[in-house]
Amino acid sequence: MQLLPGPVRRFAAWCAVILLAAGVVYVAIRLCVELRTAVTPALLALLGTALLRPLHARLVKAHVQRSLAAGLTCVAVLAVVGGAVYIVVSALVETGDQIVASLRDAAEGVADLGAAGTSLDDVASNARELLGKFGGTAASGVVTGISVAGEMMAMAVLALLLVFFFLRDSDRAVSTVRALAPPGAADTVEAMARRAFGAVEGFMRGTTLIALIDALCITVGLLVLRVPGAVGLGALVFVGAYIPYLGAFISGAVAVLVALADRGFVIALWALGVVLAVQVLEGHVLQPMIQSRTVQMHPAVVLLALTAGASVAGILGMLLAVPLTAAAFGIVHELQGRYGASGSGAAGPAAGPAPSSGAGDS
């Protein structure tokens, strides 16, 4: 190795580091997949902690005991999430008949074209045959769905409990990280942890602010158009904003469908215009102004992260993919700031957006 020229040695060293990092990431992903029942609540709890830490910190500054402050924060989360779910479900249930009616009208329109096998009678007879043939499979699917729902509820409860403990014991995070760090690397590990958590915290805050603005704009537009369930659809937009691109597409499609069902084709076009206008506002104004200050990731990187997350863990993977990628970018920026400029171990100025004060304490 010493006989090779300097640039070749450095290139070989970087290749070895990249291969080692890729191997570690692969093993970590495989372990997370195998232990997803325990890993998923922990990751969700970290996201919740990153979002809720400012509220908990304000309560502590107001001389509220740390455990009580963490409990009040979790109760506030339950109230907000439960209220949003109730609004969304009730609004969609109220407009369910209109949606079904619009779909029936669309089916009748297809049947009027005279295509073979598209009449409503044929569809009904085929549906009865399918139900009779696959009734057992459907029943087993219902049982599987119930078990999956129970597992998700258990993970949600575990995540909420972890949020409570993470918030309550956040003042011990730095000492714990330094204790687990290899000898002589405590400062570097602490800086990496602070930068990673700062990136996740910035992503969660920015996404929440953008989601709130999107939901308010779409809700106002739907109220002006007198679309039923406008508040519930706005809440659905807020929840869907945490899954970049796909969440906005699904929630916007639901809003347009409800407008089509109750108000007709022209109002549905206006609703589509409102949704598209809000998406343009988000992509060209809100994202550059808000997220560029906290997380700097190219849209192609976001799409790749979403695809990878969906292939590994479905919807949960899509929800976790972007903040975890933001944390990885934060670590890379910290290492670049420390070692990239001079190529030595001397600490240099950190690259990229800096985490907020105390980010590593959560």
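The values are calculated or read from the model by the stated rules, or taken from the named source; none is laboratory data. On a predicted model such as this, the values are computed, not experimentally measured, just so you know. FYI the Cβ positions are ideal-geometry reconstructions off the backbone, even for glycines, and counts take in every protein chain you see. Calculation scope for accessible area: heavy atoms of the full protein, side chains included, ligands and nucleic acids excluded. Shrake-Rupley method; radii C 1.70, N 1.55, O 1.52, S 1.80 Å.
Assuming R0 = 41 Å, what is the FRET efficiency of ARG226 and VAL75, from their Cβ-Cβ distance, to the nearest 0.05?
The formula returns an efficiency of 0.70 here.
Okay, which of segment 37-78 sit inside 13 Å, backbone N to the point 7 Å along the Cα-Cβ direction of LEU209?
The answer is none, because no backbone nitrogen lies closer than 13 Å to the label point.
What spacing in nm lies between the two simple spin-label points modelled at ASP169 and LYS61, each 7 Å away from Cα in the Cβ direction?
Result for the modelled spin labels: 2.6 nm.
Please work out the average accessible area per residue across segment 238-308, using the 1.4 Å probe convention, and give it in Å².
That works out to 55 Å² per residue.
Multiply the residue gap between TRP14 and ALA277 by 0.36 nm, knock off their C-alpha separation, and tell me the result in nm, one decimal place. Don't skip to the end; give the middle numbers.
Values: separation 263, 0.36 × 263 = 94.68 nm, distance 4.53 nm.
Roughly 90.1 nm would be gained on extension.
Given the Cα-Cα distance of VAL239 and LEU68 and 0.36 nm per residue of separation, how much length would full extension add, in nm?
58.8 nm
How far apart, in nm, are the 7 Å Cα→Cβ label points at VAL27 and VAL266?
Modelled inter-label distance: 6.6 nm.
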